[in-house]
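First comes the structure, then the notes that go with it.
What follows is calculated from the coordinates using simple rules that are stated; it is not laboratory data. Owing to the predicted nature of the structure, the values given are computational and were not obtained by experimental measurement. Positions of Cβ are backbone-derived with ideal geometry, glycine not excepted, and every protein chain shown enters the neighbour counts.
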Amino acid sequence: MMKNTTCIMISCLILSSAVFSSADGTRGEGGSGSPGSVTYAAEIRSIPGPPSDLVLDVLPGALFLRWKLSPDDPGTVSGYEILRATDYWGSYTGIAKVEKGVSHYEDKTVSPKTIYYYRVRAIAGALYSVFSNTAVGDVPSQY
């Protein structure tokens with residue numbers, strides 16, 4: 001199956017066509033036309049709205065994140081990705097994914113005296129929202 005994708009602002013248009021073989025063995029494209037014809041089906045998917053109000057709480061040996069769900073949850077959102085960096089402008093790496101409807105995550109992989117920056121984004125299939133606000137925190141060495 002061949003797919004062409006065109007993304008415009010906050011929606012993606014996905015065009016697909018199927019290849020088929022007729023009873024006489026002739027190969028063509030399309031799903032229901034004559035051999036050699038191409039039939040396109042269009043599907044519009046919207047990029048989900050981002051989660052908001054990301055807040056970080058310090059726990060003994062961990063950092064606890066909580067946020068407001070995307071306005072598209074429930075709806076098109078299938079989950080959330082949590083990203084972390086050790087520099088605000090640095091490279092953010094995905095550290096976890098949670099299911100739709102979940103608005104918190106506890107990061108137990110932190111090291112004392114290291115400052116961490118977090119962002120969260122909603123996932124809807126293969127599409128991702130823009131990032132939430134950034135939350136920052138560290139675990140003091142006495143924990």
- Item | Highest to lowest packing among 63-74, 94-105, scored as the average C-beta count within 10 Å | 63-74, 94-105
- Task: List the residues whose amide H sits under 5 Å from the amide H of Asn133, counting only those 5 or more places along or on another chain, with H placed 1.01 Å from N in the peptide plane.
- Result: Asp53, Leu54
